[in-house]
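Visitor: Handing you a structure now.
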Amino acid sequence: MLHTVNKSPFEKNSFSTSLRLAKKGSDILLIEDAVYAALKDSALEKTVKQAASRHNIYVLEPDLMARGLQPARLIDGIQMVGYAGFVDLAVKNDKVQAWL
């Protein structure tokens, strides 16, 4: 299953809920303000690193760049995808769960 999260983890609990409920091996795509969850030196870095050992975590590159954030700031193990990669993830997975 592909889980998409679009809210900042510092404003809503959508990201933590997705991590808690996603099955091992699930794909999690951070879009819009959820990209802040993937940054090094944040309060969530340890949580995200642990989650990346159980899930494939992706960040939508255009949303990262729109917020003036550089790829070098991403936590190790987080993968960037563009819009085509987003489509590929949606096609690869039989279901998509949007966490709002």
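The values are calculated or read from the model by the stated rules, or taken from the named source; none is laboratory data. On a predicted model such as this, the values are computed, not experimentally measured, just so you know. For neighbour counting, all protein chains shown are included, and Cβ atoms are generated from backbone atoms with ideal geometry for every residue, glycine included.
Visitor: State the number of residues belonging to the stretch 34-45 that are among the acidic types (Asp, Glu) and either under 12 Å from residue 2 (Cα atoms) or assigned to a helix (DSSP H, G or I) (or both).
Guide: 1
Visitor: Still on this structure: Just for the stretch 2-33: of the residues that are among the aliphatic types (A, V, I, L, M) and part of a strand (DSSP E or B), which one is farthest from the chain's Cα centre (by Cα)?
Guide: So, considering only residues that are among the aliphatic types (A, V, I, L, M) and part of a strand (DSSP E or B), the one farthest from the chain's Cα centre (by Cα) is 2.
Visitor: Let me ask something additional. Filter the stretch 51-100 down to the residues that are closer than 24 Å to residue 20 by Cβ and among the small types (Gly, Ala, Ser), then identify the one that is surrounded by the fewest Cβ atoms within 10 Å (Cβ to Cβ).
Guide: 53
Visitor: Turning to a different aspect of this structure: How many residues does the stretch 60-83 contain that are in contact (Cβ under 8 Å) with a residue 24 or more places away in the chain and within 21 Å of residue 25 (Cα to Cα)?
Guide: 7
Visitor: Is it the case, given these coordinates, that residue 36 is under 12 Å from the mean Cα position of the chain (by Cα), without any contact (Cβ under 8 Å) to a residue 60 or more places away in the chain and closer than 23 Å to residue 91 by Cα?
Guide: Here the answer is no, as residue 36 does not meet what is asked.
Visitor: Which pairs turn up if I take residues in the stretch 84-100 that are part of a strand (DSSP E or B) and look for partners that are surrounded by fewer than 14 Cβ atoms within 10 Å (Cβ to Cβ) with beta carbon separation below 8 Å, at least 6 apart in sequence or on another chain?
Guide: Within 8 Å, the pairs are 99/17.
Visitor: Given the structure, is residue 59 over 11 Å from the mean Cα position of the chain (by Cα), modelled with pLDDT of 95 or more and β-branched (Val, Ile, Thr)?
Guide: No: the conditions fail for residue 59.
Visitor: OK, next. Select from the stretch 35-50 the residues that are surrounded by fewer than 18 Cβ atoms within 10 Å (Cβ to Cβ), closer than 24 Å to residue 82 by Cβ and among the small types (Gly, Ala, Ser) and list them in ascending order.
Guide: Within the stretch 35-50, 42 is the sole residue that qualifies.
Visitor: Can you pull out every residue in the stretch 17-34 that is in contact with a strand residue (DSSP E or B) (Cβ under 8 Å, 6 or more places away or on another chain) and surrounded by 17 or more Cβ atoms within 10 Å (Cβ to Cβ)?
Guide: 18, 19, 22, 26, 27, 28, 29, 30, 31, 34
Visitor: Which members of the stretch 67-100 meet the condition of being among the aliphatic types (A, V, I, L, M) and at pLDDT below 95?
Guide: 100
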